[in-house]
Every structure is written in C-alpha cells, then in structure tokens.
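Some notes on the structure that comes next.
The values are calculated or read from the model by the stated rules, or taken from the named source; none is laboratory data. Just so it is clear, the structure is predicted and the values come from calculations on it, not from any experiment. Counting neighbours? That spans all protein chains shown, and the Cβs are built from the backbone with ideal geometry, glycine included.
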Amino acid sequence: MLVPTEIQQELKSENVFSAMMNLSGRVFRDVSGRKTMQLTLGDKSYFIKQHFGVGWAEIVKNLLSFKKPILGAITEVNAIKKLNQIEIATTPLVAYGVSGCNPATQQSFILTADLGKIVSLEDLCLAWQDQPPPAKLKRRLIIEVATLARRLHKSGVNHRDFYLCHLCLDERLLAKGDIKIYLIDLHRVLINHNPSSRLSMKDIAALYFSSMDVGLTARDYLRFKHYYAQDFSLCTSSFWRKVEVRAQKLYAKFHSDKFQKRLAAEKRLLD
Ligand SMILES: Nc1ncnc2c1ncn2[C@@H]1O[C@H](COP(=O)(O)OP(=O)(O)O)[C@@H](O)[C@H]1O
Ligand SMILES: [Mg+2]
C-alpha cells in the first residue's frame with residue numbers, strides 16, 4: 001500500500017485501507033465489482049477507482065477463454081509507472097492499496113490526481129460533426145495520436161480500451177494552440193517484453209472504430225497509418241486488413257440493439 005501522509009491526514013481513521021475503500025464522491029462509472037469517482041481531499045481533487053473483488057465466476061470465464069483476468073487496481077498502477085518511463089502522459093499516481101490474497105475476493109484501490117480541465121477526443125470530435133475543425137489542428141492531432149500509439153505499442157504496451165474517449169487533451173493548452181495528450185484508463189493494460197502484433201491490431205481497430213462517425217477522410221486515415229507505421233515492422237498489409245475487419249465488426253456490434261440497451265442501462269444507473 002502507498003498512501004502519502006497528506007492523504008492519510010485527511011482520512012481521520014486508523015485503518016487507512018478501509019477508509020480509502022469507503023471514500024465516496026461524484027460517480028463517473030459504476031460497474032460490477034468496480035467504482036470510479038471524483039472526490040476532494042483537503043483542497044485537492046482526485047479520482048479513485050475502488051475494486052471490490054471480481055468473484056470466481058469472472059476468473060473462470062476469463063481462464064476458459066485463455067484470458068488473464070484483471071483482478072484489481074495493480075494493473076493500472078504498473079501501467080502508470082510504465083507510461084511514466086516511456087514518457088506518455090497519463091493520470092498521475094497518488095496512492096494505491098491491495099488487501100487479501102484470494103484472487104476472487106481481493107479488494108484494491110487506486111487514487112490519481114485530477115487532470116483538471118481536459119476534453120476527451122471523443123467529445124472534441126463530436127463537435128466536429130456540426131463544425132469542422134481547422135484543417136491544421138486535425139492534421140496535428142492525427143499525427144500526435146498516431147505517434148503516441150506507435151510509441152506505446154513499440155514499447156510492448158497495449159491499452160486494450162484504446163478508444164477516443166480515453167485520449168484526452170489539456171484544454172488550457174489547447175486554447176493556446178498546444179496539444180498535450182493524456183492516455184487515461186489504464187485498467188486493462190498489458191505490458192509485454194516485445195510488441196504484440198495481435199494486441200496492437202486490436203488497439204488500432206478499437207481506435208478506428210471509435211473514430212468512424214467523426215467525419216475523417218481517406219486522406220486522414222492514410223496520414224494516421226503513415227505515422228503509426230514508421231519504423232514499425234509489424235505494420236504489414238495483413239495487419240491493416242485485420243484492423244479493417246475488426247473495426248467494422250466492432251461498429252456493427254456497438255450499433256446492435258443488445259449493446260445499445262446495455263449502454264443505456266449503464267447510463268441510467270449514473271443519473
Ligand atoms: N485522474 C483523472 N483526471 C481527470 N479525469 C479522470 C481521471 N480519472 C478518471 N477520470 C474521468 O473519469 C472517467 C472514468 O475513468 P476511467 O479511468 O475511464 O475508469 P473506468 O475504468 O471505470 O472506465 C474517465 O473517462 C475520465 O473522464
Ligand atoms: Mg473508462
């Protein structure tokens with residue numbers, strides 16, 4: 001467990017771990033076994049992700065499909081440290097803790113500093129449908145995102161929720177014409193020794209899928225490909241074919257009735 005003294009002083013409890021697990025605030029996400037909230041401690045704003053144990057059913061389901069289950073906050077803690085090393089901006093790690101060894105019931109939390117005024121590329125690009133962005137800004141953003149993805153994947157890191165909503169811009173810098181991108185939500189990150197072609201293909205397909213209704217042109221996608229593929233041997237023509245097929249499948253799945261109902265139910269819970 002790592003909880004700085006300034007945070008501990010705000011908890012007013014001897015049992016730091018349980019006090020952290022009992023903190024509450026403005027809920028941003030509430031899914032089974034995990035809650036993400038914004039809260040204030042002292043005079044500073046933070047985000048906390050609390051994990052309440054995934055349960056054996058989830059572990060068995062993952063193992064049966066040969067996937068390693070994500071048990072708690074430690075995946076995100078290690079991912080933040082790795083992103084710091086490879087100099088990709090992300091949510092600043094402030095505190096974390098894990099309790100228990102039983103993988104199904106293990107509880108954990110991660111506290112990050114609030115990035116303040118940020119806008120996700122999803123929200124920014126949504127506005128482009130009504131008002132197209134300045135060509136230069138769009139071009140710079142595409143190059144920045146492609147370069148970030150390439151650096152990430154070349155370092156053996158895969159995000160596994162690599163959608164526009166998890167790429168955020170610093171709004172204050174943006175107003176001055178500067179682009180600083182934060183890659184957030186490292187909950188499912190996998191770190192490998194070598195770049196993984198399959199996982200990178202999946203990340204790029206996710207990103208492509210999430211950009212499909214934004215109004216990007218064939219030229220914009222070519223530009224992305226060009227910068228992502230620079231000195232990156234896994235970008236073969238078969239890689240890009242697989243990206244295309246997977247992205248189209250994700251798009252169809254996302255727009256299915258079943259998925260839209262699930263999404264609406266999750267949103268209702270937050271209202
Ligand atoms: N440190 C942070 N600073 C600013 N916003 C954050 C921070 N952490 C999370 N958020 C916001 O909360 C949302 C949910 O957090 P995220 O990490 O995506 O959690 P989840 O794994 O539950 O999806 C994010 O999309 C972002 O809007
Ligand atoms: Mg998220």
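How about segment 162-215: which of its residues are in a helix (DSSP H, G or I) and either within 15 Å of ligand 2 (Cβ to nearest atom) or over 25 Å from Ser233 (Cα atoms) (or both)? Let's see the steps before the verdict.
Filtering segment 162-215 down to residues in a helix (DSSP H, G or I) leaves 164-166, 171-175, 197-210.
Answer for segment 162-215, where residues must be in a helix (DSSP H, G or I) and either within 15 Å of ligand 2 (Cβ to nearest atom) or over 25 Å from Ser233 (Cα atoms) (or both): Leu164, Cys165, His166, Glu171, Arg172, Leu173, Leu174, Ala175, Asp203, Ala206, Leu207, Ser210.
Within 18 Å of the chain's Cα centre (by Cα) and within 18 Å of Tyr251 (Cα to Cα): does that describe Leu216? When the stated conditions are applied, Leu216 does not pass them. Would you check if Ser32 is hydroxyl-bearing (Ser, Thr, Tyr) and closer than 27 Å to Val157 by Cβ? So Ser32 passes the test.
In this structure, is Ser108 assigned by TED's automatic domain parsing to the domain that holds Ser18, among the small types (Gly, Ala, Ser), exposed (fewer than 15 other Cβ atoms within 10 Å of the Cβ) and more than 16 Å from ligand 2 (Cβ to nearest atom)? Considered against the rule, which asks whether it is assigned by TED's automatic domain parsing to the domain that holds Ser18, among the small types (Gly, Ala, Ser), exposed (fewer than 15 other Cβ atoms within 10 Å of the Cβ) and more than 16 Å from ligand 2 (Cβ to nearest atom), Ser108 comes out as no.
Taking first residues from segment 252-270 that are assigned to a helix (DSSP H, G or I) and partners that are loosely packed, with under 11 Cβ neighbours inside 10 Å, the Cβ contacts under 8 Å between residues at least 6 apart in sequence or on separate chains come to Glu266/Val31.
Give the residue that is surrounded by the most Cβ atoms within 10 Å (Cβ to Cβ), with candidates limited to residues of segment 203-233 that are farther than 17 Å from His159 by Cα and of a type in the set (A, V, I, L, M, F, W, C).
The first filter runs over segment 203-233 and keeps only residues farther than 17 Å from His159 by Cα, leaving 212-227, 229-233.
This time we only want the ones that are of a type in the set (A, V, I, L, M, F, W, C), so: 212, 214, 216, 218, 222, 224, 229, 232.
Numbers: Met212: 13, Val214: 18, Leu216: 17, Ala218: 7, Leu222: 11, Phe224: 22, Ala229: 16, Phe232: 16.
Among those that are farther than 17 Å from His159 by Cα and of a type in the set (A, V, I, L, M, F, W, C), it is Phe224.
The single residue among Leu93, Leu121 that is within 16 Å of ligand 2 (Cβ to nearest atom) and at pLDDT 95 or above turns out to be Leu121. Among the residues of segment 243-260, the one identified as exposed (fewer than 11 other Cβ atoms within 10 Å of the Cβ) and acidic (Asp, Glu) is Asp257. Name the pairs: first residue in segment 177-191 and more than 13 Å from ligand 1 (Cβ to nearest atom), second residue hydroxyl-bearing (Ser, Thr, Tyr), Cβ to Cβ under 8 Å, at least 6 apart or on different chains? Hits for this filter: Leu190/Ser196. Of the helices (runs of 4 or more DSSP H) that lie entirely inside segment 1-101, those containing 2 or more residues that are surrounded by fewer than 18 Cβ atoms within 10 Å (Cβ to Cβ) and small (Gly, Ala, Ser) span 16-21, 55-64.
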